[in-house]
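Reading through the structure tokens given below for one structure.
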Amino acid sequence: MKFENFWYVVAQSEALPPNKVIARQLLGEWLAIFRDAKGQAIALQDRCIHRNSRLSCGSVRAGHLHCPYHGWVYGDQGRVTAVPAEAQQFQPRAQLRAKHYLTCEQEGFIYVCLAEPIAPPFAMPHYGEPNWQRVRVTHRFNNNVTNCAENFIDIPHTVSVHPGIFRQTKHQKIAMTVSRREGKVIADYQNETNNLGWWSWFLNPHQEPIFHSDRFFMPNVTSVEYRFGQNRHLFITSQSIPENPTSTLVYTEAAFNYGIWTKLVIPFVRFTAKRIIGQDVKILKIQQEVITKYGTKFAHTPADTIHVFVESIREAIAKGEDPRLLPDKTVDVTFWV
Ligand code: FES
Ligand SMILES: [Fe+2]
């Protein structure tokens, strides 16, 4: 198993209308992505096979991508369908073909897989269900997927990086059970309270019991779930897309069901999500600067158990192993925030 065997988001569906081409980077590979005449997303290596211009700098007409240099025309599966300098005498040939990759579209995201996929894309929670709304934002982090994913399911940093907005220091003891199994890490919190900063007033106005679980799904998805009593339910799901070893594009979705308030809170959720994620972008940039200078040698305490499990899963894939074969582990941890 390699990182190339998974599906990665390359755009929201709405970001790729017909007759548009977008450039993306995925695991170091450059991609030019556009829609063919049927509307199907096509992902080509962002390199014209003629003289190596960048296809993503070209234009799309009638579902065909035209290279910006000499105008070679590419169709589905990267086939060259026309060469302007050859006009009518051009003969399509099997070997005249740009490298192309698998695509699929699901739940408003376009995905690309660079090799043979081992599973379908991650299913976004409650997608398309009545009474659920979702807000999606995208941020580029100057760091790798492992450190991004760890950050998104890390409670201890919230009091220092997001003071007030997300949590405040209250020297409160939190108990969690962390499990690693089948390429997943699941952290369930037993005594979560309303120490949720700005969010508290609308998240849980009646101080109902809180269910909180943080999850990591190999190789790059985190999902945070909160349930407040019967009627308020929230997921924050992040797909961290590896552009290269120090750049990760993160698609974050807040999906929520707040009963009659669901639609009203959309602008509030968007504003708060951008504010919080902006703070994480800054702290992860600083972390990457130090990693670039001193390397990745980390110290751990029991409060870092989630991270140790996430790292073990990602390290297994990096070695070409299947992390689902790692032994199942469950650990009870207490920590303070
Ligand atoms: S480099 Fe693309 S057509 Fe010549
Ligand atoms: Fe954060």
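FYI, it's all coordinate maths here, none of it is from the lab. For clarity, every value in this text was computed on a predicted model and none was experimentally measured. Ideal geometry is used to build each Cβ from the backbone, glycine not excepted, and the neighbour counts take in all protein chains shown.
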If you take the Cα atoms of the range 227-287, find Rg, then find the Kirkwood Rh from the mean of 1/r over all pairs, what is Rg/Rh? 1.08
Taking the Cβ-Cβ separation of A115 and D76 as r and a Förster radius of 30 Å, what is the calculated FRET efficiency to the nearest 0.05? 0.95
Distant-in-sequence amide H partners of Q106 (H built 1.01 Å from N, under 5 Å): Y111
Can you give the net charge of the other residues whose Cβ lies under 10 Å from the Cβ of R24, counting K and R as +1 and D and E as -1? -3
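Quick one: compute the contact order of the chain, relative version, from alpha carbon pairs under 8 angstrom and 6+ residues apart, as a percent.
20 percent
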How large is the dipole of the range 1-83 about the Cα centre if only Lys and Arg carry +1 and Asp and Glu carry -1, each at its Cβ, rounded to the nearest 20 debye? 180 debye
Cut-off 13 Å between beta-carbons: net charge of the residues surrounding T262, Lys and Arg +1, Asp and Glu -1: +2
Answer with one residue from G108, W72, A62: the one whose Cα lies farthest towards the positive end of the charge dipole of the range 14-132, charges on Cβ with Lys, Arg +1 and Asp, Glu -1. W72
Residue separation times 0.36 nm, minus the C-alpha to C-alpha distance between W336 and Q88: what's the value? 81.9 nm
Ranked list, fewest to most other Cβ atoms within 10 Å of each Cβ, for C148, C67: C148, C67
Evaluate the Debye formula for the range 237-337 with equal point scatterers sitting on the alpha carbons, no solvent, and hand back log10 of I(q)/I(0) at q = 0.12, 0.17, 0.22, 0.25 Å⁻¹, in q order, two decimals. -0.65, -1.14, -1.31, -1.35
Could you please rank D328, D304, placing first whichever residue has the fewest other Cβ atoms within 10 Å of its Cβ? D328, D304
Using the Cα centre of the range 133-336 as the reference point, and only Cβ charges (+1 on K/R, -1 on D/E), how large is the resulting charge dipole? Debye, rounded to the nearest 20. 580 debye
Within the range 89-152, report the trypsin sites (Lys or Arg not before Pro) that DSSP leaves as loop and that have at most 14 other Cβ atoms within 10 Å. R93, K99
Hits among lysines - C-alpha to C-alpha of K184 under 21 Å, sequence gap 8 or more where chains match: K2, K319, K329
Run lengths n ≥ 4 of DSSP H only: what is the helix-derived mean residue ellipticity at 222 nm for the chain, with -39500 (n - 2.57) per run over all residues, to the nearest 500? -5500 deg cm²/dmol
Treat the chain as a sphere of radius equal to its Kirkwood radius over Cα pairs and apply Stokes-Einstein at 4 °C in a medium of 1.567 mPa s; give the translational diffusion coefficient in µm²/s, rounded to a whole number. 60 µm²/s
Sort C113, C48 so the one with the fewest other Cβ atoms within 10 Å of its own Cβ comes first. C113, C48
Take the alpha-carbon positions of the range 3-113, form their convex hull, and give its projected area averaged over all directions (one quarter of the hull surface) in nm². 6.8 nm²
Roughly speaking, what is the stretch gain from R97 to K274, that is 0.36 nm per residue apart minus the C-alpha to C-alpha distance, in nm to one decimal? 59.6 nm
Counted charge near D188, where neighbours are those whose Cβ lies closer than 11 Å (Asp, Glu -1; Lys, Arg +1): -3
